[in-house]
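To start, the structure itself, in structure tokens.
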Amino acid sequence: MRAAVVGCGFIGAAAGKLGAGAQSHAAAWARQEGVRLVALCDPDTAALRAAMERWGVGSGFEELDDLLVQARPEIVSVCTPDATHAAVLGRVLEAPSVRAVLAEKPLAMDSAAARAIVRTAEERGVLLAVNYGRRSLPSHRRLRDWLRDGGIGAVLAVNGVYSRGLKHNGTHWLDLARFLVGEIAQVAGFGPPAGATGDPTVDVALRFANGARGTLSGVPNLAYSLFEMDLIGTAGRARLVEGGHRFDVTAVGPSPRFPDYQELLPAPGPAGGLEDLVGHTAADVLDALSGGRAPMCSGWDGVVALELAEAALGRAVSFSRGPEIREVAL
């Protein structure tokens, strides 16, 4: 099958080192059996040429329509800036040759546009997946199964931290929480500055359909990526740290320090890992396409993630403290 990547930035074509697994879309399609990466697209000529050389692709286009007409891809990854996703996906889904699309998150900047994209894909018979890639990772799927089998007992609380926008990275966390714990029934957001535009990084309070509670703390203006989750249950705890590269698991046991006291102690459990992150997602897209099933993260999953983010932003509140509070030397 003929594959193309639209957007030659970090996640599109530059992420990861050669030989270190597929951490970019170009790497993922270049390494899939039965797929040939035939074309790349980016208006930045320098980025386009660098990506073509890096992945050995002979066809590069600065204009999307030229790629769709001349390269006739059957699979397209959309890795352009967030605000362009809806427009680019609309054009890609209308291309006669396209059979499957893997879109970077978020699917669009609002849920109405996302729903329209999903309906277009359904009408055209195009498989649409969203790259909330932890769903397709073996490590995270093992964690989900372990949790469902009672690995930490009943889940009571799900807490986390993220950076770089509620719709950009925050929806990634919300989708993973749905995947691991279940549906989120209620959300409320806190803290966007007055007049905030774009994609603010806010705090979110959650309640899951199974009764578990959650908090998601947004840390804005970081120069590094931050993505962690802490699941607390009746019989133990599982923490996703270093973005999910590592899972720290503890279980209830007798305290080695205090007699007749129970506490959480290191325990065996599933191992984390983010290896071949986009590669697993690409493989799932191909398997779903050949098997006639939905991908592990469908377009509708992308819609739900955006709806949760919009609900939090729509109900976010800020409080004025009145006169400036001055420090007093004691």
Suppose we filter the range 65-87 for residues that are under 24 Å from the mean Cα position of the chain (by Cα) and farther than 19 Å from A27 by Cβ; how many remain? 7
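Can you tell me which residue in the range 220-232 is surrounded by the most Cβ atoms within 10 Å (Cβ to Cβ), limited to those that are more than 14 Å from L143 (Cα to Cα) and not acidic (D, E)?
Residues of the range 220-232 that are more than 14 Å from L143 (Cα to Cα), as a first pass: 220-228.
Adding the requirement that they be not acidic (D, E) leaves 220-227.
Working: P220: 14, N221: 7, L222: 12, A223: 5, Y224: 6, S225: 10, L226: 15, F227: 20.
Checked the range 220-232; the qualifying residue surrounded by the most Cβ atoms within 10 Å (Cβ to Cβ) is F227.
Within the range 128-142, can one find any residue that is more than 19 Å from V285 (Cα to Cα) and not polar (S, T, N, Q)?
Within the range 128-142, the first condition is being more than 19 Å from V285 (Cα to Cα), and the residues that meet it are 142.
Right, trim to not polar (S, T, N, Q) and you get 142.
Yes: one or more hits.
Give the residue, chosen from A196, A205, that is in a loop (DSSP other than H, G, I, E, B) and either under 16 Å from the mean Cα position of the chain (by Cα) or aliphatic (A, V, I, L, M) (or both).
A196
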Filter the range 173-184 down to the residues that are out of contact with any Gly (no Cβ under 7 Å at 6 or more places or on another chain) and either outside any strand (DSSP E or B) or modelled with pLDDT under 95 (or both) and list them by number. L174, D175, L176, R178, F179, L180, V181, G182, E183
Is there any pair with a first residue in the range 134-159 that is on the phi > 0 side of the Ramachandran plot and a second that is outside any helix (DSSP H, G or I) whose Cβ atoms are under 7 Å apart and which are 6 or more apart or on different chains, and what are they? G153/G233; G153/T234; G153/A235; G153/G236
Only residues that are at negative phi, surrounded by fewer than 17 Cβ atoms within 10 Å (Cβ to Cβ) and of a type outside the set (D, E): list them for the range 262-299, please. Q262, L264, L265, P266, P268, A271, S290, G291, R293, A294
When the range 183-207 is checked residue by residue, the ones that are of a type outside the set (S, T, N, Q) and crowded, with 17+ Cβ neighbours inside 10 Å are I184, V187, G189, F190, G191, P192, D199, P200, V202, D203, V204, L206
Sort out for me the strands (runs of 3 or more DSSP E) sitting completely within the range 234-319 that have 3 or more residues that are in contact (Cβ under 8 Å) with a residue 60 or more places away in the chain and either in the same structural domain as G153 (by TED's automatic domain parsing) or of a type in the set (V, I, T) (or both). 236-241, 246-254
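The values are calculated or read from the model by the stated rules, or taken from the named source; none is laboratory data. Keep in mind it's a predicted model, so treat the numbers as computed, not measured. Virtual Cβ from ideal backbone geometry, glycine too; neighbours counted across all protein chains shown.
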